[in-house]
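*Asks:* Pasting a structure here, questions to come.
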């Protein structure tokens, strides 16, 4: 027998290779099973602290994506409306209506993005000032200090 017919005979004699021993197949088909060493990349820790520049980058990236989605959605709405008008099929009109709603939702997300950025900027701009004035002394000392302060104020 030739080698091709031997291979065919081996395949035909093994109708269910899952349950049978396949250890001799490498010899018959002249193959070598190579196992490469698995290289596990070192995982970088995610830094969650956002700087002002990161917030601006994320905002611009998200804004660009939303604009792109709105543009593509408009094109899809125009195509769906053309198809619906030409076919006069109710399902085509339903799909066009859903596309219009989705484009409107994306536009709402764009406006919400503006609000979120403004809130983040205001949050980072807030400065917390805590004034804990504490007087340690007697009431007579406090009265003297208040008299001196009022005299300085009157001058």
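*Asks:* Return the residues of the stretch 101-155 that are farther than 30 Å from residue 64 by Cβ and in contact with a helix residue (DSSP H, G or I) (Cβ under 9 Å, 6 or more places away or on another chain); say none if nothing qualifies. Working first, answer last.
*Replies:* Just the residues of the stretch 101-155 that are farther than 30 Å from residue 64 by Cβ, to begin with: 127-155.
135, 137, listed by residue number.
*Asks:* Modelled with pLDDT under 90, surrounded by fewer than 10 Cβ atoms within 10 Å (Cβ to Cβ) and either part of a helix (DSSP H, G or I) or at positive phi (or both), is that true of residue 30?
*Replies:* On the way: modelled with pLDDT under 90: yes; surrounded by fewer than 10 Cβ atoms within 10 Å (Cβ to Cβ): yes; either part of a helix (DSSP H, G or I) or at positive phi (or both): yes.
Against the criterion (modelled with pLDDT under 90, surrounded by fewer than 10 Cβ atoms within 10 Å (Cβ to Cβ) and either part of a helix (DSSP H, G or I) or at positive phi (or both)), residue 30 qualifies.
*Asks:* Can you tell me which of 129, 95, 136 is surrounded by 15 or more Cβ atoms within 10 Å (Cβ to Cβ) and either at pLDDT 90 or above or not in a helix (DSSP H, G or I) (or both)? I'd like the intermediate steps shown before the answer.
*Replies:* Working: 129 fails: surrounded by 15 or more Cβ atoms within 10 Å (Cβ to Cβ); 136 fails: surrounded by 15 or more Cβ atoms within 10 Å (Cβ to Cβ).
Testing whether each residue is surrounded by 15 or more Cβ atoms within 10 Å (Cβ to Cβ) and either at pLDDT 90 or above or not in a helix (DSSP H, G or I) (or both) leaves just 95.
*Asks:* Follow-up question, since we're still on this one. Can you run down the residue pairs with Cβ atoms below 6 Å, 6 or more apart or on separate chains, where the first is in the stretch 124-140 and within 30 Å of residue 56 (Cα to Cα) and the partner is at pLDDT 80 or above and surrounded by 10 or more Cβ atoms within 10 Å (Cβ to Cβ)?
*Replies:* none
The values are calculated or read from the model by the stated rules, or taken from the named source; none is laboratory data. Computed from a predicted structure; not experimentally measured. Positions of Cβ are generated from backbone atoms using ideal geometry, with glycine treated the same way; all protein chains shown enter the neighbour counts.
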